[in-house]
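Working notes, beginning with the structure itself.
The values are calculated or read from the model by the stated rules, or taken from the named source; none is laboratory data. Just so we're clear, the structure is a prediction, and the values are computed from it rather than from any experiment. Cβ placement follows ideal geometry from the backbone for every residue including glycine, while neighbour counts extend to all protein chains displayed.
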Amino acid sequence: MPHNPPWEPGLLSSLTGVGPGPSARDKRAALRAALAAATAGGGPGAAVEPLVLPGATDALGARLVEDAGFAAVYATGAGLANAGYGLPDIGLISQTEIADHAGRLTEATRIPLICDADTGYGGPLAAMRTVRLLERAGVAGLQLEDQEMPKRCGHFDSHALIPSGHMQTKIAAACEARTDDALVIIARTDARSVHGIDEAIARGRAYAEAGADALFVEAPRTVDELALVGRELAGIPLIVNVVEGGKTPQLSVAEYAELGFGIVLFANYLMRSMHLAGQEALAHLKQHGETASRAGRMASWEQRQSLFNLPRFSAAETALDRELGSIS
């Protein structure tokens, strides 16, 4: 650091997205620590510290998740298809599109980001390239699933899966592709929808043996099925995906933790909440032709600028307009 920089200590490091911040390695270490705390080594009912993982579709959402005090954020593939491209979640978003998107989100927040990487966008070689692209984008973890391409939302119908052994190869190749062994690889199976819960558990166990750091058994149908997954796969970080109106029973975070799930994913809760709020706001504007009477139901000017740290950026602009060494 040069002598007498023209800014106060800590000013530049407070500028998320521009100034220095936690490294990708630091974020990965933080995510691994959270996963360790969330793992029920003793099975369902064991004491864990659940990781609540809200999803975000853009940098605004990621910043809101961080500002709300959550320890990590999830870059939702379905949300990107819906909010970023106006498309359904049926496998239309590409490898490079998700990598570019993930890079914007990691720059926008200081907390770890887990990225939905669908199938890895092809076979094992494609999955390896996906790992490298997302690693460079700064993600702390990524999720690969065992559907055939094109994939579909796990709470839709009519899934088709690749053989379990082929998915094991894909996972092992993805793990080998890492240049940072702290990068978390999550394996998701959609086997419950195709072959039943027993096959889903068997695949989960096989994927852990192939090197997956955490398991995501998608769409158990009942509390009994959730409990079975928690018992049979105890000792591995387990993710449950809360899809409001979907196939999995909606419980509290504490109840999922009691069943053995330490990571509770709310992938599109924020997007769907913003969707309805936006519809209501636009209906008001269409009907009344003004927004002043609805001011109390939107972020204030000050709240908006605070979320994006305008006061600190303004202070930095002023400080950086001075010559080096001008502060004694």
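Each row is one residue, and each column tells you yes or no for (1) of a type in the set (Ser, Thr, Tyr); (2) more than 14 Å from Pro249 (Cα to Cα); (3) modelled with pLDDT of 95 or more.
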position: Thr189; (1), (2), (3): yes, yes, yes
position: Ser193; (1), (2), (3): yes, yes, no
position: Ile201; (1), (2), (3): no, yes, yes
position: Gly204; (1), (2), (3): no, yes, yes
position: Glu209; (1), (2), (3): no, yes, yes
position: Leu215; (1), (2), (3): no, yes, yes
position: Pro220; (1), (2), (3): no, no, yes
position: Glu225; (1), (2), (3): no, no, yes
position: Glu232; (1), (2), (3): no, yes, yes
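Name the one entry in Ala102, Ala83 that is farther than 23 Å from Leu15 by Cα and in a helix (DSSP H, G or I).
Ala83
Quick check on segment 190-239: of everything there that is among the β-branched types (Val, Ile, Thr) and touching an Asp or Glu at 6+ places or on another chain (Cβ under 6 Å), which residue is surrounded by the most Cβ atoms within 10 Å (Cβ to Cβ)?
Ile201
Has segment 313-323 got any residue that is of a type outside the set (Gly, Ala, Ser), assigned to a helix (DSSP H, G or I) and without any contact (Cβ under 8 Å) to a residue 12 or more places away in the chain?
yes
With the requirement that a residue be in contact with a Gly (Cβ under 6 Å, 6 or more places away or on another chain) and either over 20 Å from Val184 (Cβ atoms) or surrounded by fewer than 18 Cβ atoms within 10 Å (Cβ to Cβ) (or both), what does segment 111-136 give you?
Scanning segment 111-136 gives a single hit, Ala126.
Can you pull out the residues in segment 62-85 that are within 16 Å of Thr106 (Cα to Cα), of a type in the set (A, V, I, L, M, F, W, C) and buried (at least 22 other Cβ atoms within 10 Å of the Cβ)?
Across segment 62-85, the qualifying residues are Ala62, Val65, Ala72, Val73, Ala75, Leu80.
For (1) at pLDDT below 90; (2) more than 14 Å from the chain's Cα centre (by Cα); (3) in a loop (DSSP other than H, G, I, E, B), each residue gets a yes or a no:
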site: Gly10; (1), (2), (3): yes, yes, yes
site: Arg25; (1), (2), (3): no, yes, no
site: Ala34; (1), (2), (3): no, no, no
site: Thr39; (1), (2), (3): yes, yes, yes
site: Val52; (1), (2), (3): no, no, no
site: Glu66; (1), (2), (3): no, no, no
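Going by the conditions given, is Gln287 assigned to a helix (DSSP H, G or I) and over 30 Å from Asp116 (Cα atoms)?
Judged against the criteria, Gln287 is a match.
Test Asp190 against the criterion of being acidic (Asp, Glu) and touching a His at 6+ places or on another chain (Cβ under 7 Å), and give yes or no.
For Asp190, the condition - acidic (Asp, Glu) and touching a His at 6+ places or on another chain (Cβ under 7 Å) - is met.
Kindly list, by first and then second residue, each pair from a residue in segment 259-275 that is over 19 Å from Ala71 (Cβ atoms) to a residue that is surrounded by fewer than 23 Cβ atoms within 10 Å (Cβ to Cβ) and hydrophobic (A, V, I, L, M, F, W, C), limited to pairs with Cβ atoms under 6 Å and residues at least 6 apart or on different chains.
That search, which allows pairs on different chains as well, returns Leu259/Ala227; Gly260/Ala234; Met271/Ala83.
Mind counting the residues in segment 169-200 that are touching a Lys or Arg at 6+ places or on another chain (Cβ under 9 Å) and in a helix (DSSP H, G or I)?
Residues meeting the conditions: 7.
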